[in-house]
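Colleague: Just passing along the structure, written as structure tokens.
The values are calculated or read from the model by the stated rules, or taken from the named source; none is laboratory data. On a predicted model such as this, the values are computed, not experimentally measured, just so you know. Every residue, glycine as well, gets a Cβ built from its backbone with ideal geometry; the counts of neighbours run over all protein chains shown. Quick note on the areas: whole protein, heavy atoms, side chains included, nothing else; ligands and nucleic acids left out. Shrake-Rupley method; radii C 1.70, N 1.55, O 1.52, S 1.80 Å.
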Amino acid sequence: MPFTALPPAGDGPAPLIVTWHMLDAPRSDAAFAAALPMRDVPAWRVHLGMPMFGARMVDGSMDAAIALLQEDVLMAAMHPFVRQATEEFPAALASIREQLPVDDGPIGVLGGSLGGAVALNVLAGTEIPVFAAALVNGAIRMRSVIDLFPGDYPYDAESEQVADVLDFVAGADRIAGRAPLLAVSGELDHPAFRDDAADLVAALGDGAELLPIPGLAHPLAEEPGIEPAPQLPPAKEVDAGLTAWFRRHLAG
């Protein structure tokens with residue numbers, strides 16, 4: 001699995017924060033690292049590549065991923081992406097610990113957009129200790145993601161079940177108490193995503209916080225969003241909020 005690792009200042013083992021990028025820009029681990037470097041967090045920030053994006057594109061093109069989205073946005077694309085990224089994470093984490101001087105304590109997790117669903121799925125479906133979690137314009141309810149695509153999605157019993165599992169507001173009990181969670185929500189993000197972020201924070205109660213970002217739409221970077229690019233002003237605001245969040249919980 002490709003990843004972009006940003007080291008903390010200083011020597012010696014340090015805590016670890018793992019991220020999963022968006023499918024919108026920035027849509028690669030390197031581009032996500034450039035948009036949200038969190039330079040002042042005293043931890044390794046390891047940005048993982050999502051399946052079929054960035055360095056994992058098929059034949060260096062987005063065509064294969066686009067074809068899956070057109071075939072069946074939920075069952076051929078969104079669900080397999082989230083499932084694969086979640087299932088491969090324990091082995092990826094073990095590999096990171098072998099390659100980098102990170103400590104063996106609880107980790108931080110961060111996901112942007114669909115990467116947010118992965119971060120939530122890691123909280124809900126694994127026992128990996130997490131000291132703090134964060135979402136940026138996160139895909140919190142999969143039905144909200146599917147509704148962004150044209151036409152009425154033809155749900156059946158199997159896809160209804162998948163959408164239910166990937167509804168982390170309805171399933172808030174699966175992640176309650178796992179770790180403090182920050183939901184960063186762009187003022188100009190999709191309305192359903194903004195509502196979902198507020199609903200998740202309300203459902204989780206103590207330990208969950210909502211951070212609205214003025215002027216932030218859904219993407220964090222300009223297109224095409226594959227290569228690292230200069231940090232945009234709204235992304236800088238997000239970066240500052242994430243830095244403060246993770247520093248607070250590392251200190252705690």
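Colleague: Need one number: nm distance between label points at A64 and D11, each 7 Å from Cα along Cα→Cβ, rounded to one decimal.
Modeller: 4.3 nm
Colleague: May I ask you to rank L181, L6, L148 by accessible area, largest first, using a 1.4 Å probe over the protein chains only?
Modeller: Numbers: L181 5, L6 40, L148 85 Å².
Output order, biggest surface exposure first: L148, L6, L181.
Colleague: Take the Cα radius of gyration of the stretch 89-206 and divide it by 2.2 N^0.38 Å, with N its residue count; two decimals is plenty.
Modeller: On the way: Rg = 15.2 Å, N = 118, 2.2 N^0.38 = 13.5 Å.
So the Cα radius of gyration is 1.13 times the expected 2.2 N^0.38 Å.
Colleague: Then there is this: How far apart, in nm, are the 7 Å Cα→Cβ label points at D103 and D206?
Modeller: Here the answer is 2.5 nm between the modelled labels.
Colleague: Next up: Are there DSSP H segments in the chain that both extend 18 Å or more along their axis (alpha-carbon positions) and score a mean Kyte-Doolittle hydropathy of at least 1.0? List them, or say none.
Modeller: Both cut-offs are met by no helix.
Colleague: With every protein chain left in place, what is the accessible area per residue of the chain in square angstrom, probe 1.4 Å?
Modeller: Values: 10760 Å² over 252 residues.
It amounts to 43 Å² per residue over the chain.
Colleague: Probe radius 1.4 Å, ligands and nucleic acids ignored: give me the carbon and sulfur share of the accessible area of the stretch 161-252 as a rounded percent.
Modeller: Working: 2540 of 4580 Å².
Of the solvent-accessible surface of the stretch 161-252, carbon and sulfur hold 56 percent.
Colleague: Can you give me the Kirkwood hydrodynamic radius for the chain, using every pair of distinct Cα atoms, in Å to one decimal?
Modeller: Numbers: mean 1/r = 0.0558 Å⁻¹.
Final number for the Kirkwood radius of the chain is 17.9 Å.
Colleague: Could you work out what % of the accessible surface of the stretch 9-52 is carbon and sulfur, using a 1.4 angstrom probe and leaving DNA, RNA and ligands out of the count?
Modeller: In the stretch 9-52, the share of accessible area belonging to carbon and sulfur is 50 percent.
Colleague: Given R₀ = 30 Å, what would the calculated FRET efficiency be for D40 paired with A94, taking r from the Cβ atoms and rounding to 0.05?
Modeller: Values: r = 28 Å, r/R0 = 0.92.
My answer for the efficiency is 0.60.
Colleague: Something else about it: Of F149, F193, which has the most accessible area with a 1.4 Å probe, and how do the rest follow in descending order?
Modeller: Details: F149 70, F193 10 Å².
Ranking F149, F193 by accessible area, largest first, yields F149, F193.
Colleague: Follow-up. Note down the net charge around M142, summing +1 for each Lys or Arg and -1 for each Asp or Glu among other residues with Cβ under 9 Å from its Cβ. Don't jump to the answer; show the numbers that get you there.
Modeller: Details: positive: R141, R143; negative: D164, D167.
Computed value for this residue: 0.
Colleague: A further question follows. For labels at A176 and E158 in the simple 7 Å Cα→Cβ model, what's the distance in nm?
Modeller: Computed distance between label sites A176 and E158 equals 3.3 nm.
Colleague: Under 8 Å for C-alpha pairs, at least 6 residues apart: give me the relative contact order for the chain, rounded to a whole percent.
Modeller: Values: 492 pairs, mean separation 59.7, N = 252.
The value is 24 percent.
Colleague: Using +1 at the Cβ of each Lys and Arg and -1 at the Cβ of each Asp and Glu in the stretch 137-252, identify which of L182, F193, P224 lies farthest towards the dipole's positive end.
Modeller: Farthest towards the positive end: L182.
Colleague: Per 0.36 nm of contour for each residue apart, how much would the distance between D147 and Q84 grow if the chain were fully extended, relative to their Cα-Cα spacing? Walk me through the intermediate numbers first.
Modeller: Numbers: separation 63, 0.36 × 63 = 22.68 nm, distance 2.23 nm.
Separation in residues times 0.36 nm, less the Cα-Cα distance, equals 20.5 nm.
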